[in-house]
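Written below as structure tokens is the structure these notes are about.
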């Protein structure tokens, strides 16, 4: 089944005519809680049928301006309306909606015009749903999905083809599990959670202990430590494609409400990730590490195990974090150091070869002077 939710709606498509969603600028201003400004009173009734960028918008589109450096293209834009920051914006003769956060308003506009359109297929005969599994109202289980025993899925949740939902999993309402996501046994997913394709929730944590062996050729082997805990994903979390959240050894790995995880992110067993964190692609969080609330982890950063990262800390791109990070701190580099110190160190790196050469010359000159002194 093809999900057309993300396709912009146009008047004519290969599958036939589809009616556009339209709003007047007055209606949009009310929905955005903004202040409408225009060249005359008729601007309130101006009909808008789409959202586009500043450079591609037409007379029936709305766009947004979030940065003053884009004033020139905004002035040249053909857009029928522009969402702008609160204040005096030098765009005379244009229809403007003033809001506190234009980028947030842009996201709201996309929701209004291009809201995800759910199909209603119920439980497909081509899906496997174990007897006794509880499926909520208006929930879709697509062909090829597998729902095991004692599973509970809330209302209006979509389980796409190839999704595996293991024994005893609980999934809330209004969730989306995209194709080939895997939810291992016993894990818990809250409401309004989005899990993208290829995500694995609840695979075994990387737990092994070295064991002495009687073998002369293999004196030490790696004995697996059973991973008996679960993963808990709270409400309003989004997890990007091909990411993994490992189950705990005994208790739970937990990702708290509102956190957003990018593609290809690894969260180790027993971790605690706080509320409203951002974890960017290719980051890895070692086992038993705790991230506070509103922590930002930039791309390719690595956090060692058994650490604590304080609330609102920022871990820069490719940061190698090997010790606790205080609340509100910003660190970069490997090993990660405080932002200011790290930036100064990085700025010095290109000069190291020249500094070494100068130091060698100074050492040579000092040796010559000492030789001359002893000769006298």
Q: Report the relative contact order of the range 128-340, percent, no decimals, based on alpha-carbon pairs under 8 angstrom and at least 6 residues apart.
A: 10
Q.
If you take every DSSP beta bridge fully contained in the range 128-340, what fraction is antiparallel? Give it as a percent rounded to 5.
A. 10
Q: Taking all pairs of distinct Cα atoms, average 1/r, flip it, and tell me the Kirkwood hydrodynamic radius of the chain in Å to one decimal place.
A: 24.9
Q.
Between 49, 173, 215, where does the largest GNM mean-square fluctuation fall for the chain, given springs only between Cα atoms within less than 10 Å?
A. 215
Q) Taking the chain as a Gaussian network, Cα atoms linked when under 10 Å apart, which of 209, 147, 159 shows the biggest mean-square fluctuation? A) 209
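Please rank 276, 196, fewest neighbouring Cβ atoms within 10 Å first, as an exposure proxy. All intermediate terms of the calculation are to be shown ahead of the outcome.
Working: 276 15, 196 20.
Placing the least packed residue first, the sequence is 276, 196.
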Q) Anyone know which of 97, 194, 171 comes out most mobile in the 10 Å Cα GNM of the chain? A) 97
Q) Is the range 258-298 rounded, prolate or oblate when judged by the Cα gyration tensor, a ≥ b ≥ c being the square roots of its eigenvalues, rounded requiring a/c under 1.5 and prolate requiring a/b larger than b/c? A) oblate
Q.
Could you give me D for the range 12-113, from Stokes-Einstein at 37 °C and 0.692 mPa s, where the hydrodynamic radius is the Kirkwood radius over C-alpha pairs? Units µm² s⁻¹, please.
A. 241
Q: Find the relative contact order for the range 16-124 and round it to a whole percent, using C-alpha pairs within less than 8 Å whose residues are 6+ positions apart.
A: 25
Q) Mean separation of Cα pairs under 8 Å and 6+ residues apart, divided by the residue count of the chain: what relative contact order is that in percent? A) 6
Q: Post the alpha-carbon centroid distance, the range 283-335 to the range 192-242, in whole angstrom.
A: 20
Q: With both partners inside the range 12-113, how many of the DSSP beta bridges are antiparallel, as a percent to the nearest 5?
A: 45
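Helix-only estimate, please: 222 nm mean residue ellipticity of the chain, summing -39500 (n - 2.57) across DSSP H runs of length 4 or more and dividing by its residues, to the nearest 500.
Numbers: 5 runs with 59 residues, N = 376.
Theoretical 222 nm ellipticity from helices: -5000 deg cm²/dmol.
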Q) Rounded, prolate or oblate: which one fits the range 128-340, using the alpha carbon gyration tensor with axes a ≥ b ≥ c (rounded when a/c is under 1.5, else prolate when a/b beats b/c, else oblate)? A) oblate
Q: Would you mind classifying the range 220-376 by shape? Square roots of the alpha carbon gyration tensor eigenvalues, ordered a ≥ b ≥ c; an a/c under 1.5 is rounded, otherwise it is prolate if a/b is larger than b/c and oblate if not.
A: prolate
Q) Roughly what % antiparallel, to the nearest 5, for the DSSP beta bridges in the chain? A) 20
Q) What is the fewest-to-most order of 88, 311 by other Cβ atoms lying within 10 Å of their Cβ? A) 88, 311
Q) Using the count of nearby Cβ atoms within 10 Å as a rough guide to exposure, how do 89, 183 rank from fewest to most? A) 89, 183
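Quick note: the coordinates plus some simple rules give every number you see, no bench work behind them. Everything numeric here is computed off the predicted structure, so don't read it as measured data. Reconstructed Cβ throughout: ideal geometry from the backbone, glycine too, with neighbour counts over all protein chains shown.
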